[in-house]
Amino acid sequence: MTRRRAINDGLPHRVYERLGKRIWRWYYQPPVGPRITLFECMASDVSRAEGRRRARLAFNERFGTLPESHPDILTFKDLGDRYFTWQSSLADSDEGKKADSTIEENTQEFRRLCSVFGAVIPDDITPADWYTYQDGRRAKGHGPKSNKEIALASAILEYGRARGLVETNSARGIKRVRTVPLTRRVTLAEIDAVLEVARTVGPGATIQALAARAALLCLRRPPEILSLTTSQLTDDGVRFRAAKRKAGEIERWTTIEWSPLLRATIDETRSIKRRVDISGLVFATLYGSQYTRSGWGAGWSDLMARCAKEIAGFERFTLQDCRPGGVTTKRERGDTDVLDATMHRDQRMVDTIYDRRRARSAKPAA
């Protein structure tokens, strides 16, 4: 019995390649008997990936088995599993490590990708396959989400390419689905109305509504609010670290100064008794843990449904919508510290994504 390959090269068990200066040859070496040539060509006729693809096809046609039945075949799912294992092994200080919230979202995206490409050999996936996948997601109303899913696929394939596991990254350069900028503006009055309903529902819903108010007051992303700890509450205000930063950027912090409403929001949240109080999180669940994406979504969806029944003309919103609401309020008030509050360096991002003023005014030129 032959030993398992030390490096998975994407070829079936006992299939090998010989890349000479003039002739490239792929062959199968049975346990007994001479080798069987599966495909050969001049070195300049096809790419290595295409040669491997034809050799696998010849192997399947000759022996009537599928690639995934062989232990040496690396599928897209296998490669993705290695990618996530690698991500989890990176130190928190590593610039290449993704945030926990991003990994959680990527895990859901990976499941959807695997429902289509899971058993496929990465080098067999073509750009046309990604466009077909994109069209399918768009037909179901998830075109913008397919942008993130294909971006994740590109990251997985690039990880494999850098380690010699795949030849090409077929997901790179795929044209994105155009997205329509969000226009929903959440106001403090809306959140206060939700909070009144939440208090009648229970402590769990109240924590979520208070988190939404804090997100608007502090202009924060959901991960920055849900990971807020008591150690970040200082005499000067609430100190936040940027949840997103580009590779090579230094760690950035900002302090949102106390206001009577912000102080009352934090105090009420901390006064809610948890069933298990074992963490220093401000907006912890009733069991003292940090909200997961699915856990938050389930509770928030129930609260929004309740508000839709009890508040006339209510329009649902998400925790992510609260940050633009805070930016818009500050812009209307004429505040000049919006960039400091959001920790954005690009004014264009604030103008196009977060500023959702519908009516504006300006002074005449003279």
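The values are calculated or read from the model by the stated rules, or taken from the named source; none is laboratory data. As the structure is a computational prediction, the values presented were derived from the model and not from experiment. No Cβ is skipped: glycine too gets one built from the backbone with ideal geometry, and neighbour counts run over all protein chains shown. Side chains included, ligands, DNA and RNA excluded: accessible areas come from the protein's heavy atoms. Shrake-Rupley method; radii C 1.70, N 1.55, O 1.52, S 1.80 Å.
Okay, here's what the table says:
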{"quantity": "Using alpha-carbon coordinates, inclination of helix 127-139 to the longest axis of the chain, degrees", "calculated": "40"}
{"quantity": "Within the chain, helix-based [θ] at 222 nm, where runs of 4 or more DSSP H residues each add -39,500 (n - 2.57), nearest 500", "calculated": "-14500 deg cm²/dmol"}
{"quantity": "Three-way shape call for the stretch 206-302 based on the alpha-carbon gyration tensor, with the a/c threshold at 1.5", "calculated": "oblate"}
{"quantity": "Accessible carbon and sulfur surface of the stretch 275-366 relative to its total accessible area, %, 1.4 Å", "calculated": "50"}
{"quantity": "Pair Lys148, Asp277: separation of 7 Å Cα→Cβ label points (nm)", "calculated": "3.5"}
{"quantity": "Theoretical gain in end-to-end length, Met349 to Arg293 [0.36 nm per residue, Cα-Cα removed]", "calculated": "17.7 nm"}
{"quantity": "Kirkwood hydrodynamic radius (C-alpha pairs) into Stokes-Einstein, the chain, 20 °C and 1.002 mPa s, D in µm²/s", "calculated": "88"}
{"quantity": "Gyration tensor verdict on the stretch 32-178 (Cα atoms; rounded if a/c is under 1.5, prolate if a/b is larger than b/c, oblate otherwise)", "calculated": "prolate"}
{"quantity": "Entries of Lys21/Lys97; Lys97/Lys140; Lys148/Lys273; Lys77/Lys175 with Cα pairs more than 29 Å apart", "calculated": "Lys21/Lys97; Lys97/Lys140; Lys148/Lys273"}
{"quantity": "Options Trp24, Met304, Trp86, ranked by Cα towards positive dipole end of the chain, top entry (Cβ charges)", "calculated": "Trp24"}
{"quantity": "Dipole magnitude of the chain, debye to nearest 20 (Cβ charges: Lys/Arg +1, Asp/Glu -1, about Cα centre)", "calculated": "900"}
{"quantity": "Top positive-direction residue, dipole computed over the chain with Cβ charges, set Pro12, Ala209, Phe117", "calculated": "Pro12"}
{"quantity": "Inter-label distance, nm, simple model (7 Å from Cα along the C-beta direction), Lys21/Arg252", "calculated": "5.5"}
{"quantity": "Accessible surface of the stretch 120-220 [probe 1.4 Å, protein heavy atoms]: carbon and sulfur percent", "calculated": "56"}
{"quantity": "For Glu149, net neighbour charge (Lys/Arg +1, Asp/Glu -1) across residues whose Cβ lies under 9 Å away", "calculated": "+3"}
{"quantity": "Net charge, Thr132 excluded, C-beta distance under 15 Å - Lys, Arg +1, Asp, Glu -1", "calculated": "+1"}
{"quantity": "Probe 1.4 Å, accessible area per residue of the chain, Å²", "calculated": "56"}
{"quantity": "Rounded FRET efficiency, nearest 0.05, which uses the C-beta distance separating Ala365 from Thr85 and R0 of 45 Å", "calculated": "0.15"}
{"quantity": "Using alpha-carbon coordinates, inclination of helix 203-218 to the longest axis of the chain, degrees", "calculated": "90"}
